[in-house]
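The values are calculated or read from the model by the stated rules, or taken from the named source; none is laboratory data. The structure presented is a predicted model; accordingly, all values stated were derived computationally and were not measured. Reconstructed Cβ throughout: ideal geometry from the backbone, glycine too, with neighbour counts over all protein chains shown.
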Number of protein chains: 4
Amino acid sequence: MSLPQIESSPDRRTQILDAALVCFAKRGFHQASMHDISAEAGISVGLIYRYFENKDAVISAMADRHKKEISEVLERARQAPTLLESLEILFTAHCCEDAPQVVSAFVVDLYAEASRNSHVADLVRDVLQTAMDGVTDLIARSPEAASAADGLKPHELAELIFAVSRGMLMRDVLQPQTMTAAERRARQLEVTRRLWRLLFTGQTQPTYA
Amino acid sequence: MSLPQIESSPDRRTQILDAALVCFAKRGFHQASMHDISAEAGISVGLIYRYFENKDAVISAMADRHKKEISEVLERARQAPTLLESLEILFTAHCCEDAPQVVSAFVVDLYAEASRNSHVADLVRDVLQTAMDGVTDLIARSPEAASAADGLKPHELAELIFAVSRGMLMRDVLQPQTMTAAERRARQLEVTRRLWRLLFTGQTQPTYA
Amino acid sequence: MSLPQIESSPDRRTQILDAALVCFAKRGFHQASMHDISAEAGISVGLIYRYFENKDAVISAMADRHKKEISEVLERARQAPTLLESLEILFTAHCCEDAPQVVSAFVVDLYAEASRNSHVADLVRDVLQTAMDGVTDLIARSPEAASAADGLKPHELAELIFAVSRGMLMRDVLQPQTMTAAERRARQLEVTRRLWRLLFTGQTQPTYA
Amino acid sequence: MSLPQIESSPDRRTQILDAALVCFAKRGFHQASMHDISAEAGISVGLIYRYFENKDAVISAMADRHKKEISEVLERARQAPTLLESLEILFTAHCCEDAPQVVSAFVVDLYAEASRNSHVADLVRDVLQTAMDGVTDLIARSPEAASAADGLKPHELAELIFAVSRGMLMRDVLQPQTMTAAERRARQLEVTRRLWRLLFTGQTQPTYA
DNA sequence: AATGAATGAGGCTTCATTCAT
DNA sequence: CATGAATGAAGCCTCATTCAT
């Protein structure tokens, strides 16, 4: 596929979206001004309008990119040798990227926005559905699933997993900004393993012991 | 004649906060204008400033009220006869009140705000800590805890419970507004029971083993 | 003349004007709010409107009162045994009252207001004219006037005297608020005497000495 | 193509300050709205904020510009051949510029503002000090000073001169706006000469004594 | 392609004034 | 006589967006 130079240079768009992520995470979608974004990107305000129709388009594009990033994470998770490792990848994706709790704040804002902006809501729902389907599939195909706790079906397990994931991400936002990405990651991993043992280790700890 | 004079009539404050909740949920903290709130409350803009120093104070007061409401829910949960019922109360508190998904959107916004407004962050963290402590205690004292899955300690179980709760609330925000409070409640209950069985039924595997 | 109780109790009016002076001096006519005044007076906002039609009326009444106070100062000056003492009274009137540089700020504001509010302008002009006439008369009748410097006529001398007086008052406003009323007074007296020697001591210091 | 980009085009600033002067003189610092200023300048409100941080900054800049104008007047006064001419320049500077009594009203307002705004107070005090020093120096070096009345020292003479100057300016504000700049100038000149004769003609008494 | 000056609507907040009690 | 809750117009300021260069 040839990339027509019209309809935006991908590099510029990326540059702007990178800047937007920082600004959105730092101040929120609607508190971040177009000027903030342009300054963060090191370009002029007007230039943003050459690549995005308006601010809402930037937000939508961010949501879109988020969707792609989640897809990639999912792909990586899929290729992990064990289910546990897959889950670890999924649960820590948001805290080891470039910025520490930047992503968490962005995602919480994304959900908040979704509750009012149906376009964003559709996107987020779509992301979620895709990811859930992927994980459901992952579980269904993993050997551990056989001994899944309590006879829960794969899609029920996936739902619990994602709920915990979202819940931890939401909590992440409250952590003082002094917490490093590594510390956040460690915390997420701990919970992931706890959850994994709970869901897939079959009879957990033998009661009779 | 009652004397509401000194330090603000609680009724007015309540009226304003009720209106603010609707507006905040509908448009978000920063997209909701003071005019929106005054219109929703059926009063003039200026009057809000007799009861709140500024918009931030309204947001803080909302957070504060949220804290008290959570405390009350916790109290009710504490008085439930079984742990399962306690959890059901905790998990459905946000979707059966007066407004349907209003509360969910508000809470997600609250966390988003917390990531930037340290005052709000402190409040939310405080709410969370109190609630977690309460539930930890609840678990520690419940007979089911003895057979808790996987040897998880009460506070670890509480952490998982709250993560799921937050995660479900976050998801709630994506539901089309056509979903009724009852439907949301049903969904929450289902997940709650699933989680409960998982965590507290002792041997997750069939009892006959 | 009997004083009808309608058309305002003089005490309340005085109380309000006293408070207004403090507020006006502290914040300026238009920066001082009616609430400021009521708080300073220890009464409710509404009560001010029982005694004054509106804020402008308070300002006008302040100007009016200023006029009467100047008249009284003038009267005292008239009764002083010597011209120098008369001048000393006139020059220091504004810095020994209850508050220190409160009055100076008020008067400067009064002139500023006069430049836009023709009602106030008329009043201030009237005050000035009356005072000038009084001092002109004082000079004309004093023995020192005979040896007045340079053959200046009484009204020309009066004009100079008032110019210096206003000029010193204006400067007063720049003094850090740490300066006490006594220090201000001392400074004013020094200039007064300098001016007096200059204007009325006949051949000043003999040149030949 | 000139580069006015960085740190504000001086022309725009000047244009805004010119408009602000008119508005401030007409309505006072705090009564003049930003809209008034923008309308007077023929630009939009928002544009002012590209050149000034806020309204206070406009006021400060006006005070700053006043300072520079006074410096220029002082410089011109310094180059006058005789002391009398120097004084005439100083005394009439404010009433012959572009606008008639605009400047007087502005200066009175500036002093009023100085009594509450310490930043402005510092500026005005600085202007005054510089000007006083300049005139003191002017006097000290002029031959007339030798025969100065009454043995007054240069700085004492300067103080009197400035007091009279300020006093006349204050009075200027009361003049009906029908008075032309020329008439104001004439009046100022008359007083200036009177003062000069008084202060510097040596023996005020006829020379034959 | 890129800039940033310019616009103006809209948000937050204050405050003079009124009026029911 | 006195209060202070209530109103709403108006002021300051921000910011998404446009457009001449």
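Condition first: surrounded by fewer than 18 Cβ atoms within 10 Å (Cβ to Cβ) and closer than 18 Å to C:ALA112 by Cβ. Now tell me which residues in the stretch C:43-60 satisfy that.
C:LYS55, C:ASP56
Which one of these does D:ALA19 not meet: (1) within 14 Å of chain C (Cβ to nearest Cβ); (2) assigned to a helix (DSSP H, G or I); (3) within 16 Å of DNA strand E (Cβ to nearest atom)?
Exception for D:ALA19: condition (1).
If A:PRO10 meets every condition in (1) under 26 Å from A:ALA114 (Cα atoms); (2) at pLDDT 95 or above; (3) more than 12 Å from DNA strand F (Cβ to nearest atom); (4) surrounded by fewer than 16 Cβ atoms within 10 Å (Cβ to Cβ) apart from one, which number is that one?
Of everything listed in (1) under 26 Å from A:ALA114 (Cα atoms); (2) at pLDDT 95 or above; (3) more than 12 Å from DNA strand F (Cβ to nearest atom); (4) surrounded by fewer than 16 Cβ atoms within 10 Å (Cβ to Cβ), A:PRO10 misses just condition (2).
Keeping to the stretch C:157-188, report how many residues are over 13 Å from D:ALA121 (Cβ atoms) and assigned to a helix (DSSP H, G or I).
21
Inside the stretch C:151-181, can you point out the residues that are more than 8 Å from chain D (Cβ to nearest Cβ) and in contact (Cβ under 8 Å) with a residue 40 or more places away in the chain?
C:LEU157, C:ILE161, C:LEU169, C:ASP172, C:GLN175, C:GLN177, C:MET179, C:THR180, C:ALA181
Quick check on my filter: what residues within the stretch C:164-204 are at positive phi and small (Gly, Ala, Ser)?
Across the stretch C:164-204, the qualifying residue is only C:GLY202.
Could you please find all residues in the stretch A:157-209 being charged (D, E, K, R), over 24 Å from B:GLN129 (Cβ atoms) and at pLDDT 90 or above?
A:GLU159
Could you grab me the full set of residues in the stretch C:74-88 that are among the charged types (D, E, K, R) and under 15 Å from C:PHE162 (Cβ atoms)?
Matches in the stretch C:74-88: C:GLU88 only.
What are the pairs with Cβ atoms under 6 angstrom where one residue, in the stretch C:190-206, is within 8 Å of chain D (Cβ to nearest Cβ) and the other, located anywhere, is at pLDDT 80 or above? Sequence gap at least six, or different chains.
C:VAL191/C:MET168; C:LEU195/C:VAL164; C:LEU199/C:LEU157
Do we find a residue being within 8 Å of chain D (Cβ to nearest Cβ), at negative phi and modelled with pLDDT under 90 anywhere in the stretch C:94-103? Before the answer, list the steps.
From the stretch C:94-103, those within 8 Å of chain D (Cβ to nearest Cβ) are C:101; that's our starting set.
After this cut, where a residue has to be at negative phi as well, the list is C:101.
Add one more test, that the residue is modelled with pLDDT under 90, and what stays is C:101.
Yes, the conditions are met somewhere in the stretch C:94-103.
Of all the residues that make up the stretch D:121-134, how many are within 10 Å of chain C (Cβ to nearest Cβ) and over 14 Å from the mean Cα position of the chain (by Cα)?
2
Can you name every residue in the stretch B:27-42 that is assigned to a helix (DSSP H, G or I), surrounded by 14 or more Cβ atoms within 10 Å (Cβ to Cβ) and within 9 Å of DNA strand E (Cβ to nearest atom)?
B:MET34, B:ASP36, B:ILE37, B:SER38 - these are the residues of the stretch B:27-42 that are assigned to a helix (DSSP H, G or I), surrounded by 14 or more Cβ atoms within 10 Å (Cβ to Cβ) and within 9 Å of DNA strand E (Cβ to nearest atom).
So which residues in the stretch B:31-44 are hydroxyl-bearing (Ser, Thr, Tyr) and either touching a His at 6+ places or on another chain (Cβ under 7 Å) or within 7 Å of DNA strand F (Cβ to nearest atom) (or both)?
First, pick out the residues of the stretch B:31-44 that are hydroxyl-bearing (Ser, Thr, Tyr): B:33, B:38, B:44.
Answer for the stretch B:31-44, where residues must be hydroxyl-bearing (Ser, Thr, Tyr) and either touching a His at 6+ places or on another chain (Cβ under 7 Å) or within 7 Å of DNA strand F (Cβ to nearest atom) (or both): just B:SER44.
Can we say D:ASP109 is in contact (Cβ under 8 Å) with a residue 60 or more places away in the chain, in a helix (DSSP H, G or I) and away from DNA strand E (no atom under 16 Å from the Cβ)?
Numbers: in contact (Cβ under 8 Å) with a residue 60 or more places away in the chain: yes; in a helix (DSSP H, G or I): yes; away from DNA strand E (no atom under 16 Å from the Cβ): yes.
In short, yes.
Considering only the stretch B:43-73, how many residues are farther than 30 Å from B:LEU138 by Cβ and either away from DNA strand E (no atom under 16 Å from the Cβ) or of a type in the set (Ser, Thr, Tyr) (or both)?
The number of residues fulfilling the criteria is 3.
Report, by residue number, each residue of the stretch B:45-67 that is within 15 Å of DNA strand F (Cβ to nearest atom) and in contact (Cβ under 8 Å) with a residue 60 or more places away in the chain.
Of everything in the stretch B:45-67, just one residue is within 15 Å of DNA strand F (Cβ to nearest atom) and in contact (Cβ under 8 Å) with a residue 60 or more places away in the chain, namely B:ASP56.
Which residue, of A:ASP56, A:ASP18, A:ASP109, is more than 23 Å from A:ARG184 (Cα to Cα) and at pLDDT 90 or above?
After ruling out the rest, the residue left standing is A:ASP56.
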